[in-house]
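In what follows, a single structure is set out as structure tokens and then discussed.
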Amino acid sequence: MSQDNEDELPALPNAPLAYENPDFLDSPDGRTTRILSEYNEPMARFRRERIQDTVVFFGSARFHALDVANHELELLDNTGSVQPAPAAEQPARPGDAETSELKRSRAEALVEMARYYEDARTLARMMTEWSMKLPGRRHRFVITSGGGPGIMEAANRGAWEAGGKTIGLNIKLPFEQRPNPYITPALNFNFHYFFMRKYWFVYLAKALVVFPGGFGTLDEMFEVLTLDQTNKLAKPITVVIYGSSYWKNVLNLQLLAEKGAIGVKDLDLFQFADTPQEAFAILKDGLTRNHLVGAEAPGEGTVPEGPEASAQELLGPDIAKTRS
């Protein structure tokens, strides 16, 4: 090539920085970077917002509450979806010309689930009002949910009504979904990886409340119980299974012990509750006994208004040790 042709070559644009290159970040080669981001970015936000630990609420996302504002009940199409279920699966309403057995059973179920919504809302409010009075310079036992509708919304709503911070750990799904409006904006998360979302559910949790739900709720509940059973948690965790009539019809946990599939002592990993007051008493006792009495002094005063500026060690080690 002649010198004249070389002089005519156009200047190359600057290559994108690796961490600003969407083709790389969205590729299989960028997967480890995406996974690390879903660890480091939440950690930074929890530290900045002075979150020490959490109380996690699990439960169905598919039911709307019987809200005093509009009195509407609607069954959603899927977990986290904003789309309603098919008309044939919706509950019967006054004035329906034809009411199928499915519609009648859906109506009864939705009224029951609306009660659980209000119970979750009340319990989250009670927990937040109590935890906000604890001394120290970090927020204790912050109500956390999966960030969506249904029981998740109820938990965030109750904490919001009490004036506390509240966390939503949402998940990106292949259909339209959105976070509920009661999450503290700075603590509104959206995950791509289910396992990273589950990590953050458990890592900061000192208690778990399991309201009636479906596959996702069962998955999350048994994962936490298995981690506790196998001593893979670095701290005691209080587990409350809410709604004994629902859960004892869905699951026969006593049978697991009778058949030797689990130890009899494993039935002590959780307690049933049927009212917000009963659940609150169990949670308060467990959290106080395991994480307040005899624990390292949290410091005097209240949580500062500004963001946390000190090191990551405020939340403890990056990788928690196990008890085994």
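Counting only helices (runs of 4 or more DSSP H) wholly contained in the stretch 1-118, the ones carrying 1 or more residues that are at pLDDT 60 or above, touching a helix residue (DSSP H, G or I) at 6+ places or on another chain (Cβ under 9 Å) and buried (at least 17 other Cβ atoms within 10 Å of the Cβ) occupy 31-48. The combined condition, being over 12 Å from the mean Cα position of the chain (by Cα), hydroxyl-bearing (Ser, Thr, Tyr) and within 25 Å of residue 129 (Cβ to Cβ), is not fulfilled by residue 193.
Within the stretch 253-279, the residues that satisfy the criterion of being surrounded by fewer than 16 Cβ atoms within 10 Å (Cβ to Cβ), part of a loop (DSSP other than H, G, I, E, B) and over 21 Å from the mean Cα position of the chain (by Cα) are 259, 260, 261, 263. Within the stretch 197-206, one or more residues are within 22 Å of residue 290 (Cα to Cα) and assigned to a loop (DSSP other than H, G, I, E, B).
One line per residue, one yes/no per condition, for (1) closer than 19 Å to residue 225 by Cα; (2) among the acidic types (Asp, Glu); (3) modelled with pLDDT under 75:
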site: 254; (1), (2), (3): yes, no, no
site: 261; (1), (2), (3): yes, no, no
site: 266; (1), (2), (3): yes, yes, no
site: 297; (1), (2), (3): no, no, yes
site: 315; (1), (2), (3): no, no, yes
site: 324; (1), (2), (3): yes, no, yes
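Within this structure, residue 132 fails the test of being farther than 30 Å from residue 25 by Cα, buried (at least 22 other Cβ atoms within 10 Å of the Cβ) and out of contact with any Cys (no Cβ under 9 Å at 6 or more places or on another chain). When 144, 128 are checked against the criterion of being of a type in the set (Ser, Thr, Tyr) and under 15 Å from the mean Cα position of the chain (by Cα), 144 stands alone in meeting it. For the stretch 202-220, check the following and say yes or no: at least one residue is without any contact (Cβ under 8 Å) to a residue 40 or more places away in the chain and in contact with a Pro (Cβ under 8 Å, 6 or more places away or on another chain). Looking for residues that are without any contact (Cβ under 8 Å) to a residue 40 or more places away in the chain and in contact with a Pro (Cβ under 8 Å, 6 or more places away or on another chain), one finds none in the stretch 202-220, hence no. Where residues in the stretch 253-271 are among the charged types (D, E, K, R) and without any contact (Cβ under 8 Å) to a residue 12 or more places away in the chain, which of them is farthest from residue 283 (Cα to Cα)? Among those residues, the one meeting the criterion is 259. Of everything listed in (1) modelled with pLDDT under 95; (2) under 27 Å from residue 140 (Cα atoms), the single unmet condition for residue 237 is (1).
Residue-wise test of (1) acidic (Asp, Glu); (2) farther than 19 Å from residue 269 by Cα; (3) in contact with a strand residue (DSSP E or B) (Cβ under 6 Å, 6 or more places away or on another chain).
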| site | (1), (2), (3) |
| --- | --- |
| 153 | yes, yes, no |
| 157 | no, yes, no |
| 183 | no, yes, yes |
| 197 | no, yes, yes |
| 202 | no, no, no |
| 211 | no, no, yes |
| 218 | no, no, no |
| 230 | no, no, no |
| 251 | no, no, no |
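Looking at the stretch 240-252, can you tell me whether even one residue there is surrounded by 15 or more Cβ atoms within 10 Å (Cβ to Cβ), closer than 21 Å to residue 291 by Cα and in contact (Cβ under 8 Å) with a residue 12 or more places away in the chain? Yes, the stretch 240-252 contains a residue that is surrounded by 15 or more Cβ atoms within 10 Å (Cβ to Cβ), closer than 21 Å to residue 291 by Cα and in contact (Cβ under 8 Å) with a residue 12 or more places away in the chain. Hey, residue 239 hits all of (1) over 23 Å from residue 305 (Cα atoms); (2) in a helix (DSSP H, G or I); (3) not basic (Lys, Arg) but one; which does it fall short on? In the conditions (1) over 23 Å from residue 305 (Cα atoms); (2) in a helix (DSSP H, G or I); (3) not basic (Lys, Arg), residue 239 misses (2) alone.
The values are calculated or read from the model by the stated rules, or taken from the named source; none is laboratory data. Here the structure is a predicted model, which is why all the values come from computation and not from measurement. Using ideal geometry, Cβ is built from the backbone for each residue, glycine included, and neighbour counts are taken over all protein chains shown.
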